[in-house]
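Data block below; observations after.
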Amino acid sequence: MPNEVDVKETSPVEENEAVPPPRSGSWRLMALLAVILLAAIAGAYAAYMHYRDRVSSDDAEVDGHIDAVAPKISGNVVEVLVDDNQEVKAGQVLVRIDPRDFQAKVNIAKAELEHAESQLRSARVVVPLTDETTQSVVTGASAQLADATAELERARLSFEQASSSDLAYAQANVRVKQASNDRAQADLARMKPLAAKAEISQLQYDSYVAAAQVAENELQAAREKLSSAEKDAAIKKAALDAAQTRVSVAQSDVQASAANRKQVDIRTADAGTAAASVEQQQANLANAELQLSYTTIASPSDGVVTRKSVEVGQVVAPGQGLMAVIPLHGTWVTANFKETQLTKVHPGQRAEVDIDMNGQSLKGTVDSVAGSTGSRLSLLPPENAVGNFVKVVQRIPVKIKLDPGDAQRVVLRPGMNVDATIFTK
């Protein structure tokens, strides 16, 4: 039949002979490739899992404080007590400058201070002395004014009495005696012709003569009393004027003594000036002693002396660098990470530092991230406002503080190369 197909039957032996079996070496190769592929995948996965929560940089180095040692005064170096790379302690003397000039200034300042203190003590003694003296003068002048015023009042009363009652009495007495004398003289004049005619006895006439003489004497006495009263009034007036003068003088003395009291304020001001002078001299002495202390230059911290450039006999100037002291146990790490690595980095994260010198690993903590890239803080920062700008991934410094235990275990010198790793989780 045309649709029939001839089928050739084959035996199992013939079938096995038609397809040769695979070699055992090929299976081994395939198995090895499969294992390698699985290992590569597992390694890549493990590497991904290992590095996905950390960022690393080999652009890192050890930083530290560099304490510059420089004089604050100029002078001749008389002693250098350290050598390069020598370990020193804080406060240890490094250099001595010739102190003789500065010691002389200290001695001068001490002498001037003692002189100022002596003047101050004298001024403080003068103030109460002047106060007591001027107060005594014021009191005495016031007492004298009071006495002069009382004497003036007595002189005024005495003058008023002498110029009024006593003088008026003497004047009235003169008038009375004048009248008596006039009458006695008139009687005598009338009796005289009668006595000549013997119309009256001689005895009667003698009585008229005696009466006339008595009246005349009394008038003369009254006149003398009036003259005396007038002189006494003049004397009292002079005494009154003298008392008035003494009052004026006493008032002037009181005013002068009151003005003299201002010497207390002057002396007090002098004492204040002396006190200010003492303070000034104390400041001068403190400054001189401070300058003298600068002749001894001590280490500011524990560390190692580096870059010593001073020798005995050298004349140094203020601010001139003599050496540097580097504290070896106060170091930290500055790692420059790419800006693309700092997405998840922040202060406080755990870090690890691998030291190139000895291969040791130290633990640390991210302290801070710089506020600018390293290129921006360089001496010649890049200028991007030009036409040939090429975008370059920038690096930003990250400060890593080492754990205190690890920092004391290994001595790190500023400038050493290290690798830094930050664990972001």
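No value in this document is a laboratory result; all are computed from the given coordinates. A quick note: this is a predicted structure, and the numbers were derived from the prediction, not measured. Glycine also receives a Cβ, built like all others from the backbone with ideal geometry; neighbour counts cover every protein chain displayed.
For the chain, the Cβ-based charge dipole about the Cα centre amounts to some 1820 debye (Lys, Arg positive; Asp, Glu negative; other atoms uncharged).
Taking a ≥ b ≥ c as the square roots of the eigenvalues of the Cα gyration tensor, segment 329-425 is classed as prolate, since a/c reaches at least 1.5 and a/b is larger than b/c. Karplus-based coupling profile of segment 361-372, in residue order and whole Hz: 10, 10, 8, x, 9, 5, 8, 6, 10, 4, x, 8, with θ = phi - 60° in 6.51 cos²θ - 1.76 cosθ + 1.60 and x standing for Gly or Pro.
Here the extension length gained between Ala286 and Arg175 equals 30.2 nm, from 0.36 nm per residue of separation less the Cα-Cα distance. Within the straight-line cut-off of under 19 Å between alpha carbons, the aspartates and glutamates reachable from Lys231 are Glu160, Asp166, Asp241, sequence neighbours fewer than 8 places apart in one chain being disregarded.
Each label was represented as a point 7 Å from its Cα along the Cα-to-Cβ direction; for Ser252 and Ser201 these points are 7.5 nm apart.
Inverting the pair-averaged 1/r between distinct Cα atoms of segment 66-193 gives 26.0 Å as its Kirkwood hydrodynamic radius.
Subtracting the Cα-Cα distance of Ala186 and Lys237 from 0.36 nm times their residue separation leaves 14.4 nm of extension gain. Distance between the C-alpha centres of segment 321-344 and segment 180-241: 139 Å, rounded to the whole angstrom.
Given R0 = 60 Å, the distance between the Cβ atoms of Ser136 and Asp58 translates into a calculated FRET efficiency of 0.05. Can you work out the FRET efficiency for the pair Ala90 and Arg409, with r the C-beta to C-beta distance and R0 = 25 Å, to the nearest 0.05? Once the sixth-power term is evaluated, E becomes 0.70. Could you tell me the calculated FRET efficiency between Val369 and Leu38, based on Cβ-Cβ distance and R0 = 45 angstrom, to the nearest 0.05? After rounding, the FRET efficiency stands at 0.65. If a helix is a whole DSSP H run, which ones in the chain reach 27 Å or further along their own axis (Cα) and hold a mean Kyte-Doolittle hydropathy of at least 0.0? Long hydrophobic helices here: 24-51. Does segment 307-357 classify as rounded, prolate or oblate by the C-alpha gyration tensor (a ≥ b ≥ c root eigenvalues; a/c under 1.5 gives rounded; else a/b over b/c gives prolate, otherwise oblate)? Cα axes put segment 307-357 in the prolate bin.
Both radii are taken from the alpha-carbon atoms of the chain; with Rh as the Kirkwood radius, Rg/Rh is 1.74. Determine the sum of side-chain charges near Ala274: Lys and Arg each +1, Asp and Glu each -1, restricted to other residues whose C-beta is under 11 angstrom from that of Ala274. Once all neighbours under 11 Å are counted, the net charge is 0.
The mean sequence distance of close C-alpha pairs (under 8 Å, at least 6 residues apart), as a share of the length of the chain, puts its relative contact order at 32 percent. Using just its DSSP H runs of length 4 or more, each adding -39500 (n - 2.57), the chain gives a mean residue ellipticity at 222 nm of -19000 deg cm²/dmol after division by all residues. Restricted to Cα atoms, segment 102-277 shows a radius of gyration and a Dmax of 37.7, 135 angstrom. So what is the relative contact order of segment 102-277, in percent, for Cα pairs below 8 Å that sit 6 or more residues apart? Once normalised by length, the contact order is 48 percent. Put a dot 7 Å past the Cα of Glu279, heading toward its Cβ, do the same for Arg100, and the two dots end up 3.8 nm apart. If you take all other residues with their beta carbon under 13 Å from the beta carbon of Tyr169, and give Lys and Arg +1 and Asp and Glu -1, the sum is 0.
Distant-in-sequence amide contacts of Met416, defined by a placed amide H-H separation under 5 Å and a gap of 5 or more residues or a different chain, comprise Val62. Filter the cross-link list Lys105/Lys308; Lys89/Lys363; Lys308/Lys399; Lys72/Lys308 down to pairs whose alpha-carbon distance in this structure exceeds 23 Å. Cα-Cα > 23 Å for Lys105/Lys308; Lys89/Lys363; Lys308/Lys399; rest within.
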